[in-house]
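Colleague: Please read through the structure below; I'll follow up with questions.
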Amino acid sequence: MTLSPKAQKIYSQISAADTKLGDLRTIAKEIKKDHTMAVELWATGKLYPRLLAILILDKKELTAEVTDQLLADMTKHPAAESTQLADWLMANQLTKDKKTLALLESWEHHPSALHRRLFWYHQGRLRWVGQQPPENTKDLLAAIEERMGTEAPEVQWAMNFTAGWIGIFDEPYREKCIEIGKKLGLYKDKPVARNCAPDYLPMFIESELEKRSRVK
């Protein structure tokens with residue numbers, strides 16, 4: 001696809017490997033909303049143009065069919081880029097409108113792993129950002145205990161993320177979250193980078209609670 005001069009000018013600014021997410025947000029603020037350009041940038045198949053496209057697309061155009069196609073396109077990227085694009089779409093578009101939020105909340109059993117990841121990541125973020133936990137915690141933990149061990153890696157991460165934040169903010173379920181972590185052993189042997197929280201559930205919950213106790 002040949003880019004329009006307008007889109008080509010933007011593409012030339014963001015096609016370098018050292019492009020930063022902050023650069024994309026700055027450009028998006030200047031553009032505001034331009035769905036036509038978003039479609040052009042998305043068609044390049046490149047990571048940074050697609051991240052910018054997500055920021056400037058018109059959410060009114062995000063039908064179930066369009067959203068499914070965007071997520072299908074993401075699966076053609078390497079795994080790390082695929083999840084980055086999906087998470088970016090969720091945070092910057094899908095949670096901003098009741099219509100797309102309803103789609104997001106319906107994806108727990110979707111055939112696509114990326115769709116399921118976003119369902120679980122959204123559930124974790126609801127707790128992470130300090131909102132009142134929804135009343136589905138018991139059902140979520142039952143599903144996590146039953147399915148996390150056999151889920152696709154990108155979904156496992158999001159389910160584990162959700163269980164971690166349930167354990168931190170929903171004290172009545174804390175021991176259950178720790179029990180699930182010990183039972184499944186997911187990420188138990190994963191090295192932990194300096195100044196980063198461990199992904200292993202019992203250690204993650206312990207480290208985050210300790211961090212919060214120092215702030216008080």
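We did not get these values from a lab; they are worked out from the coordinates using the rules stated. Computed from a predicted structure; not experimentally measured. Glycine also receives a Cβ, built like all others from the backbone with ideal geometry; neighbour counts cover every protein chain displayed.
Colleague: Seen from all sides and averaged, what is the projected area of the convex hull of the Cα atoms in segment 1-78, in nm²?
Modeller: For the Cα atoms of segment 1-78, the hull's average projected area reads 5.2 nm².
Colleague: If you don't mind, another one. Using every Cα-Cα pair within the chain, state what percent have a distance larger than 32 Å.
Modeller: Of all Cα-Cα pairs in the chain, 25 percent lie more than 32 Å apart.
Colleague: Let me ask something else. Holding the Cα-Cα limit at 29 Å, pick out from Lys6/Lys46; Lys190/Lys211; Lys20/Lys96; Lys29/Lys138; Lys176/Lys211; Lys96/Lys176 the pairs that are longer than that.
Modeller: With Cα atoms farther than 29 Å apart: Lys29/Lys138; Lys96/Lys176.
Colleague: Nearest 10 degrees, 0 to 90: what angle lies between the long axis of helix 5-14 and the longest principal axis of the chain (Cα atoms)?
Modeller: Helix 5-14 sits roughly 40 degrees off the main axis of the chain.
Colleague: Right, something else. Can you work out the FRET efficiency for the pair Lys96 and Thr44, with r the C-beta to C-beta distance and R0 = 25 Å, to the nearest 0.05? Mind dumping the intermediate values first?
Modeller: On the way: r = 24 Å, r/R0 = 0.96.
Efficiency, from the Cβ-Cβ distance: 0.55.
Colleague: Please give the charge dipole size of the chain, origin at the Cα centre, charges +1 on K and R Cβ atoms and -1 on D and E Cβ atoms. Round to the nearest 20 debye.
Modeller: 660
Colleague: Enter the mean projected area of the convex hull around the alpha-carbon atoms of segment 110-199, in nm², rounded to one decimal.
Modeller: Here the figure is 6.0 nm², rounded to one decimal.
Colleague: Shifting gears a bit: Tell me what the chain gives for mean residue ellipticity at 222 nm when only DSSP H runs of n ≥ 4 count, each as -39,500 (n - 2.57), the sum divided by the residue total, rounded to 500 deg cm²/dmol.
Modeller: -20500 deg cm²/dmol
Colleague: Could you compute the FRET efficiency for Lys29 and Gln69, with r as their C-beta to C-beta distance and R0 at 22 Å, rounded to 0.05? Each step should come with its number before you reach the end.
Modeller: Working: r = 26 Å, r/R0 = 1.20.
Efficiency computed from Cβ-Cβ geometry: 0.25.
Colleague: Which aspartates and glutamates does Lys99 reach when only Cα atoms under 19 Å apart count, and residues fewer than 8 places away in its own chain are ignored?
Modeller: By straight Cα distance, Lys99 reaches Asp58, Glu61, Glu65, Asp68, Asp87, Glu108.
Colleague: Using 0.36 nm per residue, how much length does the chain from Ala80 to Glu108 gain when fully extended, once their Cα-Cα distance is taken away?
Modeller: Here the segment from Ala80 to Glu108 would lengthen by 8.0 nm.
Colleague: OK, next. Would you mind putting 87-97, 186-196, 46-56, 119-129 in packing order, based on average other-beta-carbon counts within 10 Å, highest first?
Modeller: 46-56, 119-129, 87-97, 186-196
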